[in-house]
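Peer 1: Handing you a structure now.
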Amino acid sequence: MNALDGIRILDLSRVLAGPWCTQTLADLGADVIKVERPTGPRHPGGDDTRGWGPPFLRSRDGSDTAEAAYYLGANRNKRSITCDIAQAEGQDLIRELVQHCDIFVENYKVGDMARYGLDFATLQKLNPKLVYCSITGFGQTGPYKERAGYDYAIQGMGGLMSVTGERDDLPGGGPQKVGVAVADLFTGMYATTAILAALRHAERTGEGQHVDMALLDTQVAMLANLGANYLVRGRDDGKVPHRAGNAHVNIVPYQVFEVAPDAQGQLQYIILAVGNDSQFVKFCQVAGCPELAADPRFAQNQNRVRHRAELVPQLEAIMKTRNKSDWLATLESAKVPGGPINNLAEVFADEHVLARGMVQSWEHPLADNMQLVASPIKLSATPVRTDLPPPLLGQHTEEILRETLKYSPERLSELRQRGIV
């Protein structure tokens, strides 16, 4: 049994924020029906990310399929139907399906769903308990609501790129985006939380509601301590948080340090993440510099932050006296937080990552033993699903329309011939 058994979701979202949300809900047991555009003369059909490669999934004969890794990573445990919502009959089909669903997710531009007759006000009349989630760049209100929103632009507009990257006074300084689309991913996770809250309300009261999720809202919210730093004191003091490279603005020492090179002379680095004063004492003991922990300038974190410029160069010299493996073993034995900086090959070969089941194998219609990153959610009584690989385009159209709407083979054939599905 899964946590969301019996919950059905009609998913009209594409690319990442919406599919990331519905993938999480699908993992938890919901029946997610992914609605995709049919193949047409001027469009390949489906979620845009199906073609966002290479890399593409390799078929059993070794050739590339049409399934991009990007798409595969955000659409497990779903079923796919095709439906052209630009046509009146396609809109009618969606309205029929909504009456059998608990949740509706879309990430079209503001106003598009109303033009199709698929907006919240219209669909709630058909299904009063419907939880309707809209994911856009800037939300349903405000001066920017008509704008298209993309993760990269949102990282810039929402302040993240102003605090990400090397310090401006050092080589390589300047604006830097995060390596993955974090505004999309965070919005997907916030949307999941909001949908589950709205679902509980609907189950208690019979009343659905509209969930309005915006990438920019999420990006501003996830500024976390940096946003709080500015609002609590920075605005009054005229101090705006800036890029700090691999250092932490509120904790010292909490950054990347170069250590002794490896046997081939290659530069090596580790992370040292001293989170409190007692850990700093332990670090200084095992690093052979107990006098630093006794120095009034460095004994407390607030003073270490104030005297960062005096402390860090001393630590940089100390860290270069030992190699990576020596430091990691020493820090682990002393219970001082630290770690390596792994590339993805090292991540997916890590014994702990593998022991936690974070690499999962799937039997895909086009390939055997397809490996994907697994859900990180571990539930003792209602574990996540692992039964449906990311679907082919329209793979479940006939199955869903036959079972849910009782469409006959003749009706299905007619819809296909007219390009509705």
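The values are calculated or read from the model by the stated rules, or taken from the named source; none is laboratory data. Values in this document were obtained by computation on a predicted structure and should not be read as measured data. Positions of Cβ are backbone-derived with ideal geometry, glycine not excepted, and every protein chain shown enters the neighbour counts. With ligands, DNA and RNA removed, areas are computed over all heavy atoms of the protein, side chains included. Shrake-Rupley method; radii C 1.70, N 1.55, O 1.52, S 1.80 Å.
Peer 1: Note down all Cβ pairs under 9 Å where the first residue falls in the stretch 228-239 and is closer than 16 Å to Leu160 by Cβ and in a helix (DSSP H, G or I), the second is among the polar types (S, T, N, Q) and open to solvent by less than 100 Å² (accessible area, probe 1.4 Å), and they're at least six residues apart or on different chains.
Peer 2: So the pair list comes out as Asn229/Asn250.
Peer 1: Among residues belonging to the stretch 121-166 that are over 29 Å from Asp84 (Cβ atoms) and among the β-branched types (Val, Ile, Thr), point out the one that is surrounded by the fewest Cβ atoms within 10 Å (Cβ to Cβ).
Peer 2: The selected residue is Thr141.
Peer 1: Can you tell me which residue among Ala294, Ala329 is more than 29 Å from Leu4 (Cα to Cα) and over 33 Å from the mean Cα position of the chain (by Cα)?
Peer 2: Ala294
Peer 1: Specify which of the listed residues (Val421, Val347, Val336, Val384) is within 28 Å of Tyr269 (Cβ to Cβ), surrounded by 14 or more Cβ atoms within 10 Å (Cβ to Cβ) and either in contact with a helix residue (DSSP H, G or I) (Cβ under 9 Å, 6 or more places away or on another chain) or charged (D, E, K, R) (or both). Break it down stepwise before answering.
Peer 2: Values: Val421 fails: within 28 Å of Tyr269 (Cβ to Cβ); Val347 fails: surrounded by 14 or more Cβ atoms within 10 Å (Cβ to Cβ); Val384 fails: within 28 Å of Tyr269 (Cβ to Cβ).
Answer to the check: Val336.
Peer 1: Further, regarding this structure: Pairs please, first residue from the stretch 334-362 and farther than 26 Å from Leu72 by Cα, second anywhere and among the basic types (Lys, Arg), Cβ atoms under 7 Å, 6+ apart in sequence or on different chains.
Peer 2: Ala334/Lys282; Lys335/Lys282; Val336/Lys282; Pro340/Lys324
Peer 1: Let me ask something additional. Mind counting the residues in the stretch 301-313 that are farther than 17 Å from Ala273 by Cβ and surrounded by 13 or more Cβ atoms within 10 Å (Cβ to Cβ)?
Peer 2: Qualifying residue count, the stretch 301-313: 3.
Peer 1: On to the next question. If we scan the stretch 197-211, do we find a residue that is without any contact (Cβ under 8 Å) to a residue 24 or more places away in the chain and open to solvent by less than 70 Å² (accessible area, probe 1.4 Å)?
Peer 2: The answer is yes, given that some residue of the stretch 197-211 is without any contact (Cβ under 8 Å) to a residue 24 or more places away in the chain and open to solvent by less than 70 Å² (accessible area, probe 1.4 Å).
Peer 1: Just name the residue that is farthest from Ile341 (Cα to Cα) out of those in the stretch 276-295 that are assigned to a loop (DSSP other than H, G, I, E, B) and open to solvent by 50 Å² or more (accessible area, probe 1.4 Å).
Peer 2: Gly288
Peer 1: Restricting to the stretch 171-194, count the residues that are modelled with pLDDT of 95 or more, of a type outside the set (Ser, Thr, Tyr) and either open to solvent by 80 Å² or more (accessible area, probe 1.4 Å) or within 8 Å of the chain's Cα centre (by Cα) (or both).
Peer 2: The total comes to 9.
Peer 1: Between a residue in the stretch 110-133 that is part of a loop (DSSP other than H, G, I, E, B) and any residue that is of a type in the set (A, V, I, L, M, F, W, C) and exposed (fewer than 14 other Cβ atoms within 10 Å of the Cβ), which pairs come within a Cβ distance under 9 Å, given they are 6 or more apart or on different chains?
Peer 2: Pairs found: Tyr116/Ala86; Gly117/Ala88.
Peer 1: Follow-up question, since we're still on this one. Residues of the stretch 263-275 being in a loop (DSSP other than H, G, I, E, B) and open to solvent by less than 60 Å² (accessible area, probe 1.4 Å), which ones? Please lay out each step first, then the result.
Peer 2: If we filter the stretch 263-275 for residues that are in a loop (DSSP other than H, G, I, E, B), which is where we start, we get 263-267, 274-275.
Of everything in the stretch 263-275, those that are in a loop (DSSP other than H, G, I, E, B) and open to solvent by less than 60 Å² (accessible area, probe 1.4 Å) turn out to be Gly265, Val274, Gly275.
Peer 1: Here is a further query. Applying the selection to the stretch 260-289, what residues are of a type in the set (A, V, I, L, M) and within 32 Å of the chain's Cα centre (by Cα)?
Peer 2: Leu267, Ile270, Ile271, Leu272, Ala273, Val274, listed by residue number.
Peer 1: Please specify each residue of the stretch 219-247 satisfying the condition of being closer than 20 Å to Leu328 by Cα and open to solvent by less than 50 Å² (accessible area, probe 1.4 Å).
Peer 2: Ala247
Peer 1: Can you pull out the residues in the stretch 19-58 that are over 11 Å from Ile103 (Cβ atoms), out of contact with any Leu (no Cβ under 8 Å at 6 or more places or on another chain) and not in a loop (DSSP other than H, G, I, E, B)?
Peer 2: Pro19, Gln23, Thr24, Asp27, Lys34, Gly40, His43, Asp48, Gly51, Phe56, Arg58
Peer 1: Residues of the stretch 9-40 being within 18 Å of Thr404 (Cβ to Cβ) and open to solvent by 20 Å² or more (accessible area, probe 1.4 Å), which ones?
Peer 2: Asp31
Peer 1: I've got another one for you. Select from the stretch 102-120 the residues that are more than 17 Å from Gly139 (Cβ to Cβ) and open to solvent by 10 Å² or more (accessible area, probe 1.4 Å) and list them in ascending order.
Peer 2: Scanning the stretch 102-120 gives Asp102, Arg115, Tyr116, Gly117.
Peer 1: How many residues does the stretch 41-57 hold that are among the basic types (Lys, Arg) and surrounded by 12 or more Cβ atoms within 10 Å (Cβ to Cβ)?
Peer 2: Taking the stretch 41-57 as the starting set, the residues that turn out to be among the basic types (Lys, Arg) are 42, 50.
The next check asks that each one be surrounded by 12 or more Cβ atoms within 10 Å (Cβ to Cβ); those that pass are 50.
Total satisfying the criteria: 1.
Peer 1: Enumerate the pairs (first residue in the stretch 83-96 and among the basic types (Lys, Arg); second residue anywhere and not in a loop (DSSP other than H, G, I, E, B)) with beta-carbon separation below 8 Å, excluding pairs fewer than 6 apart on the same chain, so at least 6 apart or on different chains.
Peer 2: Filtered contacts from the stretch 83-96: Arg95/Thr122; Arg95/Leu123; Arg95/Leu126.
Peer 1: Now a separate question. Name the residue that is least open to solvent (accessible area, probe 1.4 Å), counting only residues in the stretch 354-379 that are charged (D, E, K, R) and part of a loop (DSSP other than H, G, I, E, B).
Peer 2: So the residue we want is Lys378.
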